[in-house]
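Asks: This is the structure, below, for whatever I ask next.
The values are calculated or read from the model by the stated rules, or taken from the named source; none is laboratory data. Source: prediction; values computed, not measured. Here Cβ is always computed from backbone atoms with ideal geometry, including for glycine, and neighbour counts include all displayed protein chains.
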Amino acid sequence: MVIVGITGGIGSGKGLATGFFRTRGAAVVDADVVAREVVQPGSPLLHQIAAAFGRDTLQSDGSLDRSRLAEAAFASPEAVAKLNAIVHPPVLAEIGRRLQRLARQGKTQVACVVAPLLLEAGARRTVDRLLVMRAEEGERVRRVMARDGLTESEVRRRMAAQMPPDVQAQEADWVVDTTAGKGKALAQLERIWAELTG
């Protein structure tokens, strides 16, 4: 089983790549989904987050208030680093368990780990190959504003908390640029799939 990491900045096209690989039969482990699951109400990780960022990061039902946490975490580089130090280790451990389970089952030739902060989390060694998705900065800002209802300054604050695309590209086996639209990006993904399964 080949493990492919899919990363890239916010609004770069990770969802497009993930959907493509899924339709080809690849297994997908999504770090954002795992992160949501490990912060269920009552979980030790959720208590750690509340202790570090304040009780108002919890909703009345005890679940995580994601918008409040984002507000607190993206306030400064130090706050981002603090949140990452709390969240990354348990998320990476769970991703590792899921990959081991997939390998044992032996049903898939390719498994994808989709993680916006794969490189920032020091997880390059957990994947065999790395695909970096990228797009022109203004295009990414437009996409995220439309998708998430954020202001331009909120989007740029989140972008600033991520590794620059050029630095990500230095670690990559493949870089796919989605600025020119889906068609060209999908053609590149087809070539990558052929390389992986050929």
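Conditions tested, residue by residue: (1) modelled with pLDDT under 90; (2) surrounded by fewer than 19 Cβ atoms within 10 Å (Cβ to Cβ); (3) touching a helix residue (DSSP H, G or I) at 6+ places or on another chain (Cβ under 6 Å).
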{"residue": "THR7", "(1), (2), (3)": "no, no, no"}
{"residue": "THR18", "(1), (2), (3)": "no, yes, no"}
{"residue": "ALA27", "(1), (2), (3)": "no, no, yes"}
{"residue": "ARG36", "(1), (2), (3)": "no, yes, no"}
{"residue": "GLN59", "(1), (2), (3)": "no, yes, no"}
{"residue": "ALA70", "(1), (2), (3)": "yes, yes, no"}
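Asks: Does any residue in segment 30-43 that is closer than 19 Å to GLN59 by Cβ come within less than 6 Å, Cβ to Cβ, of a residue that is hydroxyl-bearing (Ser, Thr, Tyr) and part of a loop (DSSP other than H, G, I, E, B) six or more places away or on a different chain, and which pairs are these?
Replies: Taking only residues 6 or more apart or on different chains, the pairs are PRO41/SER63.
Asks: On the given criteria, is LEU186 under 14 Å from the mean Cα position of the chain (by Cα), in contact (Cβ under 8 Å) with a residue 24 or more places away in the chain and either surrounded by 21 or more Cβ atoms within 10 Å (Cβ to Cβ) or outside any loop (DSSP other than H, G, I, E, B) (or both)?
Replies: Criteria not met by LEU186.
Asks: Checking the condition among the small types (Gly, Ala, Ser) and part of a helix (DSSP H, G or I), which residue from ALA121, ALA169 passes?
Replies: Among ALA121, ALA169, only ALA169 is among the small types (Gly, Ala, Ser) and part of a helix (DSSP H, G or I).
Asks: From SER63, SER67, which residue is of a type in the set (Ser, Thr, Tyr), in contact (Cβ under 8 Å) with a residue 12 or more places away in the chain and more than 30 Å from GLY198 (Cα to Cα)?
Replies: The conditions single out SER63.
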